[in-house]
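Below is one structure; the comments refer to it alone.
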Amino acid sequence: MDQLAKLEDLPQEYRDNLEKLNLVPLWPSLRDVLPPEIPQPKTKPVFWSYEALRPLLLQAGELTPIEKAERRVLVLANPGHGLENMRASSVMYLGMQLLLPGEWAPSHRHTPNAVRMIVEGNDAYTTVDGQKCPMERGDLILTPTGMWHEHTHEGTDPVVWLDVLDLPLVYFMEASYVQPGEHQNIKGSSDETDYGPGIVPTPVFERRNSHYPMLRYAWKDARKALESMAKNQPEAKSIQITYVNPENGDDCQKIIGYSALMLRPNETLTLPLRSSAMVFHIIEGHAQVQTTNNNFDMKQSDISCVPCFAPVTFVNKNADQPTFIFIADESPVQKKLGLYSERPNNQ
Ligand SMILES: [Fe+2]
């Protein structure tokens, strides 16, 4: 493609006259906003060691009482976007949140969608619009846009979870805000669900209006499905499940998608190149993530992210055990906007 003229090629007087009228010439920036063939993401491949960040998170528990933090979170920020912008990618925010025994993170609701992937601890729960969702390691709990949520800890040891939000996108859209709420009365539990494997309620007399019919996806159920797949489909190229809305099979949230991948013992898996950035978190096991200029050695609870169209190869470092990886990606919003694509990875 031809090189285009630069801003400095224009006379200063002409540039000043444009600025006075709030006008900008397109051609000096055209290649930046429309790069040829492939986006030029600010998102960089980044790795966060849980072992390294955990002491700092626990220290935050000593330094800042929950009343002064509301949510005690260390944000996993991508330096490619500037740490102060608190983005893992252009769409995804990641935070590691700590709740200590006896603490309560008060009720609020906000426009960005959030999920929690529980990393460690027992006997805490999130209340979402009155539904009690126990937090056990590996569980995925949704707190979708506009739904009241608060976190309560009745156990004896620290509870830590990974928050994934579409905050960067919603903030960019100037649609991000929060409302404080009252302590919620518990009306039910996620254990008493209307849904089972292949079972949904039948709307005979009235249409159900439930965009988010399932708020907690228990790790024991997801893990069981992955293990069954691996056992029953040994020829499958990959063993992966997606967290979906059980009523319509759509992604469980509208902007970010969530899935879990099982690497069989000794397995190496190369993904196609995707137009969506991705986040990886090891629920159980040990894997290497090979991507552009980086090999991330990921142990349990570690997190990493890669930009759009990055080559990704997973290598299970366990010779005789599976490794389970939680994946968050931007494909739902990209698909809705007609922006999603895949290309072969010829590595
Ligand atoms: Fe929240």
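See the values below:
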| quantity | calculated |
| --- | --- |
| Residues being touching a residue at least 40 places away in the same chain (Cβ under 8 Å) and open to solvent by 10 Å² or more (accessible area, probe 1.4 Å) - total across the range 122-138 | 6 |
| Test: residue in the range 203-215 that is within 16 Å of the ligand (Cβ to nearest atom) and open to solvent by less than 60 Å² (accessible area, probe 1.4 Å) | yes |
| Restricting the range 91-113 to residues that are open to solvent by less than 10 Å² (accessible area, probe 1.4 Å) and among the aliphatic types (A, V, I, L, M), the residue that is nearest to the ligand (Cβ to nearest atom) | ALA105 |
| Residues located in the range 229-253, provided they are part of a helix (DSSP H, G or I) and surrounded by 15 or more Cβ atoms within 10 Å (Cβ to Cβ) | MET229, ALA230 |
| Selected residue [within 24 Å of LEU167 (Cα to Cα) and either open to solvent by 50 Å² or more (accessible area, probe 1.4 Å) or within 16 Å of the ligand (Cβ to nearest atom) (or both)] from GLU51, GLU70 | GLU70 |
| Test result for ALA88, of a type in the set (A, V, I, L, M), open to solvent by 60 Å² or more (accessible area, probe 1.4 Å) and more than 15 Å from the ligand (Cβ to nearest atom) | no |
| Only one of PRO35, PRO65 that is open to solvent by 30 Å² or more (accessible area, probe 1.4 Å) and within 30 Å of SER331 (Cα to Cα) | PRO35 |
| Every pair of residues 6+ apart whose Cβ atoms lie under 7 Å, when the first sits in the range 23-46 and is free of Cβ contacts under 8 Å to residues at least 24 places away in the same chain while the second is part of a loop (DSSP other than H, G, I, E, B) | PRO25/LEU10; TRP27/LEU4; TRP27/ALA5 |
| Qualifying residue in the range 177-185 (condition: of a type in the set (S, T, N, Q), out of contact with any Asp or Glu (no Cβ under 7 Å at 6 or more places or on another chain) and open to solvent by 40 Å² or more (accessible area, probe 1.4 Å)) | yes |
| For ASP302: the one exception among (1) within 28 Å of ALA52 (Cα to Cα); (2) surrounded by fewer than 20 Cβ atoms within 10 Å (Cβ to Cβ); (3) touching a helix residue (DSSP H, G or I) at 6+ places or on another chain (Cβ under 6 Å) | (2) |
| Any hit, the range 142-149, residues being in contact with a His (Cβ under 8 Å, 6 or more places away or on another chain) and of a type in the set (Phe, Trp, Tyr) | yes |
| Single condition VAL75 does not satisfy, out of (1) away from the ligand (no atom under 12 Å from the Cβ); (2) open to solvent by less than 10 Å² (accessible area, probe 1.4 Å) | (2) |
| Residue count for the range 134-184, restricted to those that are in a loop (DSSP other than H, G, I, E, B), among the aliphatic types (A, V, I, L, M) and away from the ligand (no atom under 11 Å from the Cβ) | 2 |
| Test result for ARG116, open to solvent by less than 70 Å² (accessible area, probe 1.4 Å), touching a Leu at 6+ places or on another chain (Cβ under 9 Å) and within 15 Å of the ligand (Cβ to nearest atom) | yes |
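Every residue, every condition in (1) without any contact (Cβ under 8 Å) to a residue 24 or more places away in the chain; (2) open to solvent by 20 Å² or more (accessible area, probe 1.4 Å); (3) in a helix (DSSP H, G or I), yes or no:
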| position | (1), (2), (3) |
| --- | --- |
| LYS224 | yes, yes, yes |
| GLU227 | no, yes, yes |
| ILE255 | no, yes, no |
| ALA260 | no, no, no |
| ILE283 | no, no, no |
| VAL289 | no, no, no |
| ASN295 | yes, yes, no |
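The values are calculated or read from the model by the stated rules, or taken from the named source; none is laboratory data. What you see is a predicted model; the values in this text were computed from it and never measured. Neighbour counts are summed over all protein chains in view; Cβ atoms, including those assigned to glycine, are modelled from backbone coordinates with ideal geometry. With ligands, DNA and RNA removed, areas are computed over all heavy atoms of the protein, side chains included. Shrake-Rupley method; radii C 1.70, N 1.55, O 1.52, S 1.80 Å.
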